[in-house]
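Shown next, in structure tokens, is the structure this report addresses.
The values are calculated or read from the model by the stated rules, or taken from the named source; none is laboratory data. What you see is a predicted model; the values in this text were computed from it and never measured. Cβ atoms come from the backbone with ideal geometry, glycine included; neighbour counts cover every protein chain shown.
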């Protein structure tokens, strides 16, 4: 008699676990599909860089990308830039590219690049960059926002706010 309630409880627990697992798998699939569509959209875009040259994002297809959304007026973004440059220098010979998508105008980005000796690619998105960041998963209009994209075009990681160089190294290794 005491065994029956235990079996019922175990059965209900197993059913709940299966339902929860199915829901989690569905949410991951939905999120993954949205992420894939967002990365496809990213690769369809072309931006001007700080030198007014048109740069298609598709030129970086097949590389692991560190895509950083930033602005010259964003204090945490400015503080993060030297760390991103250090990372870009370390990974120059690998299949990893660091790209800065500026939520700013070309003149401000050009001046910033010169003042801070930034050598990795800085692209000009203007305020439309915030919409792109949102499409790539930025939950709120937060800068800096960094997305790691795998060589096969999937979002691997997302970071709202500044990220440490050690964390980026760990995620890229």
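Points worth noting:
- In the range 113-138, the qualifying residues are those that are assigned to a helix (DSSP H, G or I) and in contact (Cβ under 8 Å) with a residue 60 or more places away in the chain, and the one that is nearest to the chain's Cα centre (by Cα) is 133.
- The number of residues in the range 118-141 that are more than 15 Å from residue 42 (Cα to Cα), at pLDDT below 95 and in contact with a helix residue (DSSP H, G or I) (Cβ under 8 Å, 6 or more places away or on another chain) comes to 1.
- Only one of the numbered conditions (1) modelled with pLDDT of 95 or more; (2) touching a strand residue (DSSP E or B) at 6+ places or on another chain (Cβ under 8 Å); (3) outside any loop (DSSP other than H, G, I, E, B) is violated by residue 59, and that is (2).
- As a summary of the residue check, residue 86 satisfies the conditions (1) touching a strand residue (DSSP E or B) at 6+ places or on another chain (Cβ under 9 Å); (2) outside any loop (DSSP other than H, G, I, E, B); (3) farther than 22 Å from residue 46 by Cβ except for the one numbered (1).
- All positions within the range 95-109 that are surrounded by fewer than 19 Cβ atoms within 10 Å (Cβ to Cβ), over 19 Å from the mean Cα position of the chain (by Cα) and touching a residue at least 24 places away in the same chain (Cβ under 8 Å): 106, 108
- Applying the condition of being in contact with a strand residue (DSSP E or B) (Cβ under 9 Å, 6 or more places away or on another chain), free of Cβ contacts under 8 Å to residues at least 60 places away in the same chain and more than 19 Å from residue 81 (Cα to Cα) to the range 139-155 and asking which residue is surrounded by the fewest Cβ atoms within 10 Å (Cβ to Cβ) yields 140.
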